[in-house]
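J.: One structure coming up, written as structure tokens, with questions to follow.
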Amino acid sequence: MTQKRRAVTKRVPKNRKKRSKGATVLLSVLFTFLLTAVFVCLYLLVFMVSYVNGDSKINLEEYKENQDQTTIIYAYDTNNEVTELSRLHGEQNRVWVTYSENPDESVIPQNLANAYIALEDKRFYDHGGVDWFRTLSSAVKYHFKQGGSTLTQQLIKNLTGENGKTVNRKFYEILSALNLEKNASKQTILEAYMNTVYMSHGCYGVQTASEKYFGKNVQDLNLAECASLAAITQSPSKYDPLIHPEENKKRQKVCLDNMLKQGKITEDQYNEAINYTMVFTNSEGYVPSENLTSAQQQTTTTIQSYYVDYVIQKVISDLMDKYGYTKPQASTLIYSGGLRIYSAVDMNVQNILENVYVNRISFPSYNKNVPDAQSAMTIMDYSGRVLGMIGGAGEKTENRGLNRAANSYRQPGSSIKPLSVYTPAIEEKYAYWSTRVKNYGIPHYYSDGGVGPVNYGNDPGSPDSYVNVQKAICKSYNTVPAQLLKKMGYELSFKYANGKFRLDHLYDVDKNASSLAVGGTSKGVSTLQMAAAYATFGNGGKYYDPYCYYKVTNSSGTMVYLQHDETDGDQIMSQDTADIMNELLQTVVTDTAGEATARNYGLNNMKLFAKTGTTTEDKDRWFCGGSPYYVAAVWYGCDTPKQLSNYVSGNPAGKIFDEVMNRVNKGLASKDFTKFSSIVEQKEYCTKTGLLAGSGCSSRATGWFSKSNMPGYCTSCSGGGSKDGKIEGETKKTTDGSTKPAETTKAAAETTKAPEATKAAEATKAQ
């Protein structure tokens, strides 16, 4: 009987099943990892290709505009050629200069470009932004030091400011370099590099470094100097030629050796450069290059002129007004934005001002126990151009400190009278040249009921005394403008002084005789304001806003931030009034018989209109006036007001005015002031009545009158009955020259009361 064989089932150990499941999981994880890695690599590859070759481009022009750059302020010389006046910069002193392989188009010399390539990136023209051999060699060490970077990569680092030694930063630096090389030429890249590299002492770029170390423009560097400049780059502190000339020399030799090996220079050029005796700006016997302007020699410690200070102040203010910048934003743009500011300064005028004021020429000797008095002066032409400005006497010791010419406001004294009283009186036909005005103060002018204001010597005048306008302005009476104000009203006077003449630091509190008749204002005026106001008397009655620059652009000139537009000015008075005021103010200088207040001052062979000013308690002296060419205003006093008569005699402001303006006008042809009005004519008048002289008038004088504001003829001196040309309120002149009872059209102006004040505050001396 055959037996069947029983099937045997093999038992699989439990641990074997477990191993199979573990392997499956492991394989799954590995597969997932590899798949992820593939996707990541593909993503990175796509990202890299897209970053390097995509539409996104690194724009060097945008980077250039965003780099801190030095602002340059220009002036025009006597040949109307642009010259550098001053430089402004923050932490980074950079002036962008062009590079081209065509020497005729390049500021940067080819030797300097070759020096950088020889030292930093000998395969610059062969790679596409990254020298992979140097990069991989550097990567092995995991340091990614500069030795592995191309000039293109260094440029990326300069532009971005990213300097960390991380793989991530290096990765993006490589991609950016590849991108840049796809979109920019080697020439453009090299130019950007040489303008962004740090060269110590706050110098960024080769131009400012060349000025700092050699006192030359970069285009004037020889081969040895180019190699020395390029040598600084690797370690600016170590290879600084001013501090470590020996170390710089070693690095310079390396550079020249490399240039020779690379065929960039010949053996003869090499030997000449190696043996060249280096002369740096701190070397004994150093002389700046003739091609280097004084502005280019400036350092961060250079003291700028008061004019430059004013330009900075005005540009900041105008940027805030036009673009809504904050003051810090506007300041940053000026000091870091690489602006090109074309100033309106006249360098001859400015140099004269600085010579007189620094050396205190014509300044009176001052009591040694009292600090030296201060002064300020502004000179303009008749169209608003500020030609020169000085904000203090003696050596200037700080930048953007107190500029007394533009920013100090002092009481003007009698120098305000032509602006606040006589111009509106003539323009609004309250008076003319010969109008006789009561030489007597206003009753109850002072708080104790006294008459005022008083004239020089505390003379209150007399109720029965009259003087004509010409004599009153010539001798600077205080009573007469007060009487005229009483007739015109303070509102009209304020409208002219504050509104038309732009004395904008007059306030409502100044609507009184103290401020408007004798210049005892609550705050005051500046020499800049007064020069601009007095210019109207020499240009036919037009007010021009003062300007100190023509335009402000970016570094390349492609964008104009600000620009002065020529205007016709603001006609604030008739040409008739301007011409008459000009002639009246000339008598302040020429009327020696009448004891004119400016009789001791004047210009050599040049006509002058002028007005003096002395304030309450003699704390400020003024002299404002103009020649046919220029107009100026001078203030003299102490920063902490003191009574000047205790220490000086005469009017120091007038002496300074004469000294400066005689120099400024020297060599100019003597000529008359332009007559703008066709209806102003010279006529004789009767000094007894103020009317035009009749046949019987024995006491005569000559004056200037407008046909629209002409007095009648005097007949009283020959027995006739014509009225006296007095201003007492009973008569008012008509446009046809006749007289009639005063109308009530301006009566409201007379209702304003004279302010109460102490006698001490109102006893202003008229000088």
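The values are calculated or read from the model by the stated rules, or taken from the named source; none is laboratory data. Not measured: the values here are computed from a predicted model. So basically every Cβ, Gly included, is an ideal-geometry build from the backbone, and we count neighbours across all protein chains shown.
J.: Listed residues ALA482, ALA517, ALA533, ALA472; which is in contact (Cβ under 8 Å) with a residue 24 or more places away in the chain, surrounded by 24 or more Cβ atoms within 10 Å (Cβ to Cβ) and in contact with a Cys (Cβ under 9 Å, 6 or more places away or on another chain)?
T.: Values: ALA482 fails: in contact with a Cys (Cβ under 9 Å, 6 or more places away or on another chain); ALA517 fails: in contact with a Cys (Cβ under 9 Å, 6 or more places away or on another chain); ALA472 fails: in contact with a Cys (Cβ under 9 Å, 6 or more places away or on another chain).
Within the list ALA482, ALA517, ALA533, ALA472, the selection yields ALA533.
J.: How many residues does the stretch 541-590 contain that are in a loop (DSSP other than H, G, I, E, B), surrounded by fewer than 17 Cβ atoms within 10 Å (Cβ to Cβ) and at pLDDT 95 or above?
T.: 1
J.: Could you identify the single residue in ARG404, ARG400, ARG436 that is among the basic types (Lys, Arg) and in contact with a Phe, Trp or Tyr (Cβ under 6 Å, 6 or more places away or on another chain)?
T.: Working: ARG404 fails: in contact with a Phe, Trp or Tyr (Cβ under 6 Å, 6 or more places away or on another chain); ARG400 fails: in contact with a Phe, Trp or Tyr (Cβ under 6 Å, 6 or more places away or on another chain).
Being among the basic types (Lys, Arg) and in contact with a Phe, Trp or Tyr (Cβ under 6 Å, 6 or more places away or on another chain) holds for just one of ARG404, ARG400, ARG436, which is ARG436.
J.: Further question on the same structure: Taking the condition touching an Asp or Glu at 6+ places or on another chain (Cβ under 7 Å) and either in a helix (DSSP H, G or I) or closer than 28 Å to ASN665 by Cα (or both), does SER362 pass?
T.: Values: touching an Asp or Glu at 6+ places or on another chain (Cβ under 7 Å): yes; either in a helix (DSSP H, G or I) or closer than 28 Å to ASN665 by Cα (or both): yes.
The answer is yes for SER362.
J.: Please indicate, with yes or no, whether at least one residue in the stretch 397-405 is touching a helix residue (DSSP H, G or I) at 6+ places or on another chain (Cβ under 8 Å) and part of a helix (DSSP H, G or I).
T.: Looking for residues that are touching a helix residue (DSSP H, G or I) at 6+ places or on another chain (Cβ under 8 Å) and part of a helix (DSSP H, G or I), one finds at least one in the stretch 397-405, hence yes.
J.: Please find, within the stretch 682-704, the residue that is surrounded by the fewest Cβ atoms within 10 Å (Cβ to Cβ) out of those that are closer than 22 Å to LEU608 by Cβ and either in contact (Cβ under 8 Å) with a residue 24 or more places away in the chain or within 41 Å of the chain's Cα centre (by Cα) (or both).
T.: The first filter runs over the stretch 682-704 and keeps only residues closer than 22 Å to LEU608 by Cβ, leaving 682, 701-704.
Filter again for either in contact (Cβ under 8 Å) with a residue 24 or more places away in the chain or within 41 Å of the chain's Cα centre (by Cα) (or both), leaving 701, 703-704.
Numbers: ALA701: 16, GLY703: 22, TRP704: 22.
Among residues in the stretch 682-704 that are closer than 22 Å to LEU608 by Cβ and either in contact (Cβ under 8 Å) with a residue 24 or more places away in the chain or within 41 Å of the chain's Cα centre (by Cα) (or both), the one surrounded by the fewest Cβ atoms within 10 Å (Cβ to Cβ) is ALA701.
J.: Cβ-Cβ below 7 Å, separation at least six or inter-chain, first residue in the stretch 660-681 and closer than 19 Å to THR378 by Cβ, second modelled with pLDDT under 95: which pairs?
T.: MET661/LEU603; ASN662/LEU603; ASN662/ASN604; ASN665/LEU603; ASN665/MET606
J.: Look through the stretch 62-121, keep the residues that are touching a Ser or Thr at 6+ places or on another chain (Cβ under 6 Å) and basic (Lys, Arg), and return whichever of them is surrounded by the most Cβ atoms within 10 Å (Cβ to Cβ).
T.: The qualifying residue surrounded by the most Cβ atoms within 10 Å (Cβ to Cβ) is ARG94.
J.: Need the failing condition index for PRO236 against (1) touching a helix residue (DSSP H, G or I) at 6+ places or on another chain (Cβ under 7 Å); (2) more than 11 Å from ASN111 (Cβ to Cβ); (3) not aliphatic (A, V, I, L, M), just the number.
T.: (1)
J.: Return yes or no: is TYR456 in contact (Cβ under 8 Å) with a residue 12 or more places away in the chain and surrounded by fewer than 23 Cβ atoms within 10 Å (Cβ to Cβ)? Don't jump to the end; show me each part of the working.
T.: Values: in contact (Cβ under 8 Å) with a residue 12 or more places away in the chain: yes; surrounded by fewer than 23 Cβ atoms within 10 Å (Cβ to Cβ): yes.
Judged against the criteria, TYR456 is a match.
J.: SER522 versus (1) in contact (Cβ under 8 Å) with a residue 40 or more places away in the chain; (2) touching a helix residue (DSSP H, G or I) at 6+ places or on another chain (Cβ under 6 Å); (3) of a type in the set (Ser, Thr, Tyr): which is the lone unmet condition?
T.: Evaluating SER522 over (1) in contact (Cβ under 8 Å) with a residue 40 or more places away in the chain; (2) touching a helix residue (DSSP H, G or I) at 6+ places or on another chain (Cβ under 6 Å); (3) of a type in the set (Ser, Thr, Tyr) leaves (1) as the failure.
J.: Of all residues in the stretch 224-271, how many are under 19 Å from THR208 (Cβ atoms), aliphatic (A, V, I, L, M) and crowded, with 18+ Cβ neighbours inside 10 Å?
T.: Looking only at that region, the number is 5.
J.: Here's a follow-up. Give the residue that is nearest to LEU229 (Cα to Cα), with candidates limited to residues of the stretch 281-300 that are at pLDDT below 85 and among the hydrophobic types (A, V, I, L, M, F, W, C).
T.: LEU292
J.: Which condition breaks for GLY449 when tested against (1) in contact (Cβ under 8 Å) with a residue 24 or more places away in the chain; (2) in a loop (DSSP other than H, G, I, E, B)?
T.: (1) is the only condition that GLY449 fails.
J.: Continuing with this model, one more query. Return the residue satisfying two criteria in turn: it lies in the stretch 556-582 and is of a type in the set (Val, Ile, Thr) and touching a helix residue (DSSP H, G or I) at 6+ places or on another chain (Cβ under 7 Å), and of such residues it is nearest to LYS542 (Cα to Cα).
T.: Quick first cut of the stretch 556-582, residues of a type in the set (Val, Ile, Thr) only: 558, 560, 567, 572, 577, 580.
Imposing the further condition that a residue be touching a helix residue (DSSP H, G or I) at 6+ places or on another chain (Cβ under 7 Å) reduces the set to 572, 577, 580.
On the way: ILE572: 6, THR577: 11, ILE580: 14 Å.
Per the criteria, the residue is ILE572.
J.: Of everything in the stretch 598-640 that's of a type in the set (Phe, Trp, Tyr) and out of contact with any strand residue (DSSP E or B) (no Cβ under 6 Å at 6 or more places or on another chain), which residue is nearest to ALA669 (Cα to Cα)? Steps first, answer last, please.
T.: We begin by selecting, within the stretch 598-640, every residue of a type in the set (Phe, Trp, Tyr); these are 601, 609, 622-623, 629-630, 635-636.
Applying the additional criterion that residues be out of contact with any strand residue (DSSP E or B) (no Cβ under 6 Å at 6 or more places or on another chain) yields 601, 629.
Numbers: TYR601: 20, TYR629: 10 Å.
So, considering only residues that are of a type in the set (Phe, Trp, Tyr) and out of contact with any strand residue (DSSP E or B) (no Cβ under 6 Å at 6 or more places or on another chain), the one nearest to ALA669 (Cα to Cα) is TYR629.
J.: Can you pull out the residues in the stretch 445-466 that are of a type in the set (Phe, Trp, Tyr) and within 15 Å of VAL480 (Cβ to Cβ)?
T.: Here is the first cut: in the stretch 445-466, the ones of a type in the set (Phe, Trp, Tyr) are 445-446, 456, 466.
Answer for the stretch 445-466, where residues must be of a type in the set (Phe, Trp, Tyr) and within 15 Å of VAL480 (Cβ to Cβ): TYR445, TYR456, TYR466.
J.: Has the stretch 397-412 got any residue that is farther than 22 Å from SER317 by Cβ, buried (at least 21 other Cβ atoms within 10 Å of the Cβ) and more than 24 Å from the chain's Cα centre (by Cα)?
T.: Taking the stretch 397-412 as the starting set, the residues that turn out to be farther than 22 Å from SER317 by Cβ are 397, 411-412.
Next, from what is left, pick out any that are buried (at least 21 other Cβ atoms within 10 Å of the Cβ): 411-412.
With more than 24 Å from the chain's Cα centre (by Cα) added as a condition, the list becomes 411-412.
Yes: one or more hits.
J.: Is it fair to say ASP639 is of a type in the set (D, E, K, R) and either touching a helix residue (DSSP H, G or I) at 6+ places or on another chain (Cβ under 7 Å) or assigned to a loop (DSSP other than H, G, I, E, B) (or both)? Reasoning before the result, please.
T.: Details: of a type in the set (D, E, K, R): yes; either touching a helix residue (DSSP H, G or I) at 6+ places or on another chain (Cβ under 7 Å) or assigned to a loop (DSSP other than H, G, I, E, B) (or both): yes.
Yes, satisfied.
J.: Conditions first: (1) at pLDDT 65 or above; (2) of a type in the set (Val, Ile, Thr); (3) more than 30 Å from VAL218 (Cβ to Cβ); (4) touching a helix residue (DSSP H, G or I) at 6+ places or on another chain (Cβ under 6 Å). THR135 passes all but one, so which condition is the exception?
T.: With respect to (1) at pLDDT 65 or above; (2) of a type in the set (Val, Ile, Thr); (3) more than 30 Å from VAL218 (Cβ to Cβ); (4) touching a helix residue (DSSP H, G or I) at 6+ places or on another chain (Cβ under 6 Å), THR135 is out only on (1).
J.: Would the stretch 493-512 turn up any residue that is of a type in the set (A, V, I, L, M) and modelled with pLDDT under 95? Break it down stepwise before answering.
T.: Narrowing the stretch 493-512 to residues of a type in the set (A, V, I, L, M): 497, 503, 506, 509.
Of the ones still in play, those that are also modelled with pLDDT under 95 are none.
Within the stretch 493-512, none of the residues are of a type in the set (A, V, I, L, M) and modelled with pLDDT under 95.
J.: Right, another one. All but one of (1) on the phi < 0 side of the Ramachandran plot; (2) exposed (fewer than 12 other Cβ atoms within 10 Å of the Cβ); (3) at pLDDT below 95 hold for ILE303, so report the exception by its number.
T.: Going through (1) on the phi < 0 side of the Ramachandran plot; (2) exposed (fewer than 12 other Cβ atoms within 10 Å of the Cβ); (3) at pLDDT below 95 one by one, ILE303 breaks only (2).
Residue-wise test of (1) under 28 Å from MET559 (Cβ atoms); (2) free of Cβ contacts under 8 Å to residues at least 60 places away in the same chain; (3) more than 14 Å from the chain's Cα centre (by Cα).
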{"position": "THR332", "(1), (2), (3)": "yes, no, yes"}
{"position": "GLY337", "(1), (2), (3)": "yes, no, yes"}
{"position": "ARG340", "(1), (2), (3)": "yes, no, no"}
{"position": "VAL345", "(1), (2), (3)": "yes, no, no"}
{"position": "ASN351", "(1), (2), (3)": "no, yes, yes"}
{"position": "VAL358", "(1), (2), (3)": "no, yes, yes"}
{"position": "ILE361", "(1), (2), (3)": "no, no, yes"}
{"position": "TYR366", "(1), (2), (3)": "no, no, yes"}
